[in-house]
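Okay, structure first, notes after.
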Amino acid sequence: MISRIDDDAPQGKRILVVEPVERHPELEAFLEALNGISPKQAVQTGICAVCKEEANEFTDALSVTEYAISGLCQKCQDEVFNEPE
(Lines give C-alpha, C1' and ligand atoms only; values in the text may rest on other atoms or scores of the structure.)
Protein backbone atom coordinates (compact mmCIF):
# COMPACT_ATOMS: atom_id res chain seq x y z
CA MET A 1 0.00 0.00 0.00
CA ILE A 2 2.94 2.35 0.56
CA SER A 3 4.35 3.14 -2.84
CA ARG A 4 7.38 5.01 -1.52
CA ILE A 5 8.73 7.12 1.30
CA ASP A 6 9.67 10.63 0.23
CA ASP A 7 13.01 11.32 1.94
CA ASP A 8 13.36 14.66 0.11
CA ALA A 9 10.61 16.25 2.19
CA PRO A 10 11.38 19.56 3.92
CA GLN A 11 13.51 19.46 7.07
CA GLY A 12 14.27 15.78 6.64
CA LYS A 13 10.69 14.67 7.39
CA ARG A 14 9.70 11.35 5.93
CA ILE A 15 6.40 11.47 4.07
CA LEU A 16 4.49 8.29 3.25
CA VAL A 17 3.10 8.16 -0.25
CA VAL A 18 0.15 5.78 -0.07
CA GLU A 19 -1.54 4.26 -3.10
CA PRO A 20 -5.33 4.04 -2.66
CA VAL A 21 -7.09 0.71 -3.06
CA GLU A 22 -8.99 0.41 -6.33
CA ARG A 23 -12.68 -0.47 -6.01
CA HIS A 24 -15.69 -0.60 -8.26
CA PRO A 25 -16.61 2.89 -9.55
CA GLU A 26 -20.18 2.61 -8.24
CA LEU A 27 -18.94 1.82 -4.72
CA GLU A 28 -16.47 4.70 -4.93
CA ALA A 29 -19.33 7.03 -5.99
CA PHE A 30 -21.52 5.79 -3.10
CA LEU A 31 -18.75 6.43 -0.57
CA GLU A 32 -18.17 9.89 -2.05
CA ALA A 33 -21.89 10.68 -1.72
CA LEU A 34 -21.79 9.45 1.88
CA ASN A 35 -18.78 11.50 3.03
CA GLY A 36 -18.43 14.20 0.42
CA ILE A 37 -15.13 12.67 -0.67
CA SER A 38 -14.26 9.13 -1.72
CA PRO A 39 -11.57 7.13 0.09
CA LYS A 40 -9.51 7.21 -3.11
CA GLN A 41 -9.71 11.00 -3.32
CA ALA A 42 -8.89 11.31 0.38
CA VAL A 43 -5.77 9.14 0.09
CA GLN A 44 -4.65 10.93 -3.08
CA THR A 45 -4.87 14.30 -1.30
CA GLY A 46 -3.53 13.08 2.06
CA ILE A 47 -6.60 13.82 4.15
CA CYS A 48 -9.14 11.77 6.09
CA ALA A 49 -12.37 10.85 4.30
CA VAL A 50 -14.38 11.45 7.48
CA CYS A 51 -12.89 14.35 9.47
CA LYS A 52 -11.09 15.96 6.49
CA GLU A 53 -7.93 16.56 8.58
CA GLU A 54 -4.43 15.70 7.34
CA ALA A 55 -3.72 11.98 7.45
CA ASN A 56 0.03 11.68 7.72
CA GLU A 57 0.80 10.02 11.05
CA PHE A 58 -0.03 6.38 11.73
CA THR A 59 0.88 4.08 14.60
CA ASP A 60 1.84 1.06 12.49
CA ALA A 61 1.88 -0.50 9.03
CA LEU A 62 -1.58 -2.03 9.52
CA SER A 63 -3.01 1.46 10.11
CA VAL A 64 -1.39 2.69 6.89
CA THR A 65 -2.94 -0.24 5.03
CA GLU A 66 -6.33 0.59 6.53
CA TYR A 67 -5.91 4.19 5.41
CA ALA A 68 -5.29 2.99 1.84
CA ILE A 69 -8.53 1.02 2.04
CA SER A 70 -10.88 3.33 3.94
CA GLY A 71 -9.28 6.77 3.81
CA LEU A 72 -9.55 7.04 7.61
CA CYS A 73 -6.83 8.89 9.54
CA GLN A 74 -5.38 7.33 12.70
CA LYS A 75 -7.74 9.26 15.00
CA CYS A 76 -10.83 8.15 13.06
CA GLN A 77 -9.54 4.57 12.84
CA ASP A 78 -9.11 4.56 16.63
CA GLU A 79 -12.68 5.83 17.08
CA VAL A 80 -14.12 3.23 14.70
CA PHE A 81 -12.09 0.15 15.60
CA ASN A 82 -11.24 0.52 19.30
CA GLU A 83 -13.59 -0.97 21.83
CA PRO A 84 -15.39 1.47 24.13
CA GLU A 85 -14.00 1.76 27.63
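The values are calculated or read from the model by the stated rules, or taken from the named source; none is laboratory data. What you are looking at is a predicted structure, and each value in this text was computed from that prediction instead of being measured. Every residue, glycine as well, gets a Cβ built from its backbone with ideal geometry; the counts of neighbours run over all protein chains shown. Surface areas here come from the heavy atoms of the whole protein model, side chains and all, with no ligands, DNA or RNA. Shrake-Rupley method; radii C 1.70, N 1.55, O 1.52, S 1.80 Å.
Quick notes on this structure:
- For first residues located in segment 18-37 and over 16 Å from ALA68 (Cβ atoms), partners that are polar (S, T, N, Q) and outside any helix (DSSP H, G or I) and lie 6+ apart or on another chain with Cβ distances below 9 Å form the pairs ALA29/SER38; PHE30/SER38; GLU32/SER38.
- Here is the figure for segment 17-43: residues that are closer than 19 Å to LEU62 by Cα, open to solvent by 60 Å² or more (accessible area, probe 1.4 Å) and touching a Ser or Thr at 6+ places or on another chain (Cβ under 9 Å) total 1.
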